[in-house]
Amino acid sequence: MSNTYKSAGVDKEEGYKTVDKIKKAVGETHNSNVLNHLGSFGAFYEIGGYKNPVLVSGTDGVGTKLKVALDTKKYDSIGVDCFAMCANDILCHGAKPLFFLDYLACGKLDSEIAAEIVLGMVAACKDNNCALIGGETAEMPGMYQPGDYDVAGFCVGIVEKDQIIDGSKIKAGNKIIALPSSGFHSNGFSLVRKVFPDFEEEFEGKPLYETLLVPTRLYYKDIHKVLEEVRVEGIAHITGGGLYENVPRIIPEGLCASIDESKIRIPSVMLELEKRGGVAREEMHGTFNMGVGMVIVVDAEHAEKVLHLLDDAYEIGEITEGAEKINLKF
């Protein structure tokens with residue numbers, strides 16, 4: 001019998017099935033700016049309505065949170081995570097997401113699983129007025145084992161040049177406001193899986209995996225609601241490395257983000273991980289978002305308005321003078 005691509009482990013037909021299952025839903029994310037459709041070699045997006053537009057891009061994956069999804073066969077939220085990790089990053093500069101592309105790699109393609117992951121991306125794109133205009137599915141036997149998947153994404157947004165937010169205008173006296181996370185989001189899962197090896201165990205009346213797989217919160221609507229009403233000096237997406245690593249990225253030299261740790265509303269599942277794993281609180285803050293998914297820095301006079309606009313936001317500190325860019329006071 002002659003060799004074929006299928007005999008080598010790559011089933012092209014399963015790829016075609018995946019496209020058939022997602023094509024209609026993906027098309028529903030398109031608007032008049034999308035000039036071509038799924039299947040082209042490149043994706044076309046027309047830009048209009050801006051005076052001096054700047055494109056802002058971001059790329060990311062979901063890390064080993066994907067292992068939780070694969071082990072429990074719950075794939076619907078992972079696509080949301082992939083989009084959110086990219087889109088939330090570009091929001092930090094005041095950008096609106098325009099379009100998104102995905103990359104899905106696996107050992108043996110299952111069109112049902114692949115479609116479920118992509119449909120999660122579709123749902124997230126719709127929620128953020130963003131078009132899913134392209135992607136790639138790679139079946140790579142020998143590189144990945146059957147049942148293994150990896151997911152990555154790439155998001156492009158846009159902002160007027162004179163409206164870019166980069167933290168350079170932050171000054172002493174500004175207030176630091178936290179937007180709650182929806183849980184671990186997509187960071188720190190190597191430690192999560194070490195402390196919680198049994199995803200099926202009961203936690204607060206339901207299987208633990210349901211808590212672990214809550215998708216990363218999408219902040220597009222919240223951030224742009226604030227931007228329409230208030231001048232924002234800085235925004236930080238709290239991902240891997242927690243507050244310690246992400247807040248300093250927007251703080252100018254000579255200033256310090258002084259944060260009162262006692263004000264942070266830490267999710268119960270993180271407190272359980274801390275206790276069960278014997279993890280020091282400082283290590284927790286250096287690994288997880290600890291309940292703070294996004295940080296906004298505004299003038300003190302605007303703080304109350306932000307809190308009014310966002311029902312679940314709350315103040316956690318202020319900008320002071322200092323050599324260290326962050327001081328997390330315990």
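The values are calculated or read from the model by the stated rules, or taken from the named source; none is laboratory data. No experiment lies behind these values; they were computed from the predicted model shown. Here the Cβ positions follow ideal geometry from the backbone for every residue, glycine too, while neighbour counts run over all protein chains shown. Protein only, heavy atoms only, side chains kept; ligands, DNA and RNA dropped before computing areas. Shrake-Rupley method; radii C 1.70, N 1.55, O 1.52, S 1.80 Å.
Here is how the numbers come out for the structure above:
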quantity: Length gained when the stretch LYS329-ASP311 is fully extended (0.36 nm per residue, less Cα-Cα span); calculated: 4.0 nm
quantity: Cα-based shape type of region 120-199, given that a ≥ b ≥ c are square roots of the gyration tensor eigenvalues and the cut on a/c is 1.5; calculated: oblate
quantity: At most 15 other Cβ within 10 Å, DSSP loop - trypsin sites (Lys or Arg not before Pro), region 272-301; calculated: none
quantity: Distance (nanometres) between label positions extended 7 Å along Cα→Cβ at SER168 and PHE203; calculated: 4.2 nm
quantity: Order of exposure, largest accessible area first, which applies to PHE154, PHE99, PHE189, PHE330 with probe 1.4 Å; calculated: PHE330, PHE154, PHE99, PHE189
quantity: Heavy atoms of THR137: accessible area, 1.4 Å probe, square angstrom to 10; calculated: 60 Å²
quantity: Sulfur and carbon atoms: percent of accessible area, region 21-96 [1.4 Å]; calculated: 53 percent
quantity: Under 19 Å from LYS12, Cα to Cα: lysines that are on another chain or at least 8 residues apart; calculated: LYS21, LYS23, LYS108
quantity: Candidate lysines for bridging to LYS24, where Cα separation is under 17 Å - those fewer than 8 sequence places away on the same chain excluded; calculated: LYS126
quantity: C-alpha long axis of helix 268-277 to longest principal axis of the chain, angle in °; calculated: 80 degrees
quantity: Residues ASN129 and LYS194, FRET efficiency given R0 of 41 Å [Cβ-Cβ distance, rounded to 0.05]; calculated: 0.60
quantity: Gyration tensor verdict on the chain (Cα atoms; rounded if a/c is under 1.5, prolate if a/b is larger than b/c, oblate otherwise); calculated: oblate
quantity: Only Lys, Arg (+1) and Asp, Glu (-1) charged, at Cβ; the chain dipole about Cα centre in debye; calculated: 360 debye
quantity: Residue-normalised accessible area of region 236-330, expressed per residue, 1.4 Å probe, Å²; calculated: 45 Å²
quantity: Under-5 Å amide H pairs with GLY291, H placed in peptide plane, nonlocal only; calculated: SER181
